Amino acid sequence: MAPLLEIEIFKTIPSITEIPIQSFSDSVAESQNIDEVTYKNVETVSPSASIWIYIYLAISLFLVFRFLKNSFEIYQLTKGKHKRIGKLKIIKNNDSELVSSFFNYMFISENQVLNTEDFESIIKHETVHFEEKHTLDIIMIELIICAFWFNPFVWLYKKAVLQNHEYIADDKSVSSGIDIENYSNTIINLGHKEYRIPLTSGFNFIQIKNRIIMLHQSKSSVLKQTLKITSVILLFAGIFVFSSYKDLKAPLVVVLDVGHGGIDPGNLSDSILEKDVVLNISNLLASLSDENVEIILTRHEDEFLELSERAEFINIKNPDLFLSLHSNAHHDESISGTEAYYNSENEHSDISLKYANILVEHQKNYFSSRGIKKANLYLLRNTSVPGVYLELGFMTNKSDRVVLTDKDQQIKIAQSIYDGLLEIRNNK
């Protein structure tokens, strides 16, 4: 069940916005603006991905700040006077009643009263922490938490790592010749829980009962159980980290300019209007909008907009691509196929050309390819983002017209355009 459980980090809500589109009666010709035409207000639904990104970044930055603050505090403590015993530098402080260590620095309270046996046990215990480089493990898990704090198994993994450190230190301390009963009494005597210095390993951080039980088990039993616990925790942590992961790559934002509309019917053939064909396909394409490709429509019903209004809307939205959908026409009814236009003089011409090729390639199952052509159309020269005009077949060609007007084929065309946009997004 674990791989099927999905903890969503970000979820982009598709944004479908309305505004009319440019009239386009021929694949190379521009429509003239029509003055004094009113249009409906546009309501924009903004995606919520940014909210979750900000929340994630805010918490991560807080945890990073906390890590740096704790590191600085420990650095300040290490500057204090110390007394060297064996491999350790003993520093007395008032920050915590607990005994703890950071690399070869051991911190002990000035008010701590210990007999000789207890002190020797603690020294040996903290020396093991230093020799086993447990501080590096703690630093690593703290940094992992800064990035993956949203996964509960990372926090459980941290607890397991700390517990395993204490078991290892206990076992090696007793194996060095320290009497197990005296050592157990030391754990009990110092087993109170209070504030400890962050990022440190400590003699009395872990549950007393568990440590006493582990001490009195055989070495092989301790090792086996520790390996089992660690393996299970690592396994589940890995499974849930990967199952909770969603592609953090930003969605491809596309303003879909729905050709013509309202008083501008576009091309007409056999009583079929271009504006209706591209509207149907565009609405189907918009329904596929998701966290990977966000589709923003200029219009979702039969309405008209000036070319200048369309260009302004595109520039305000500042998408990764604007795609203007049309269906072509020609006096020669034998001409068929799909073709795309881009502005070679636009600053994004190379990107536009690349996108145009991908989009045309994805239409080969429905229309023959007529290639990519240069054009100085109004929207192409008055927008500041990569732009492509996509002509979906010829209204004047019988076979193309059948495909364009068939509802099932329209669904497939919309899906093929989405697949092309998804390829663009994945190759960005």
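Side notes on the structure shown:
- Here, segment 315-373 is characterised by an Rg to Rh ratio of 1.01, where Rg is the alpha-carbon radius of gyration and Rh the Kirkwood radius.
- Of 79/228; 81/228; 373/428; 398/428, pairs whose Cα-Cα distance is over 32 Å: 79/228; 81/228; 398/428
- Taking only protein heavy atoms and a 1.4 Å probe, the accessible area of segment 281-428 is 44% carbon and sulfur.
- Taking all protein chains into account, the per residue accessible area for segment 69-154 stands at 52 Å² (1.4 Å probe).
- Peptides 294-301, 160-167 ordered by average Cβ neighbours within 10 Å, highest first: 294-301, 160-167
- Under 10 Å, Cβ to Cβ, from residue 90 - net charge with Lys/Arg +1 and Asp/Glu -1: +4
- Whole-number accessible area per residue in Å² for segment 276-409, which is evaluated in the context of all protein chains at 1.4 Å: 39
- Karplus-derived HN-Hα couplings along segment 175-188 (A = 6.51, B = -1.76, C = 1.60, θ = phi - 60°), whole Hz, x at Gly and Pro: 5, 6, x, 5, 4, 5, 6, 4, 5, 5, 5, 5, 4, 5
- Within-12-Å neighbourhood charge of residue 81 [Cβ basis; K, R +1; D, E -1]: +4
- Given 249/354; 354/412; 124/158; 317/374; 83/158; 249/275, the pairs whose alpha carbons are separated by over 27 Å: 83/158; 249/275
- Span from the segment 59-90 Cα centroid across to the segment 269-348 one, whole angstrom: 60
- Separation of alpha-carbon centers, segment 389-428 and segment 162-191, rounded to whole Å: 71
- A crude spin-label estimate for the pair residue 315 and residue 287, with each label 7 Å from Cα along the Cβ direction, gives 3.5 nm.
- Mean projected area (nm²) of the alpha-carbon convex hull when segment 353-428 is viewed from all directions: 5.6
- Computed from the C-beta positions of residue 58 and residue 158, the FRET efficiency with R₀ = 30 Å rounds to 0.90.
- Note on segment 310-412: dipole from Cβ charges, positive end direction compared against 346, 322, 404; the farthest Cα belongs to 404.
The values are calculated or read from the model by the stated rules, or taken from the named source; none is laboratory data. Computed from a predicted model, the values in this text were never measured in an experiment. Positions of Cβ are generated from backbone atoms using ideal geometry, with glycine treated the same way; all protein chains shown enter the neighbour counts. We work out accessible area using only protein heavy atoms, side chains counted, and drop any ligands, DNA or RNA first. Shrake-Rupley method; radii C 1.70, N 1.55, O 1.52, S 1.80 Å.
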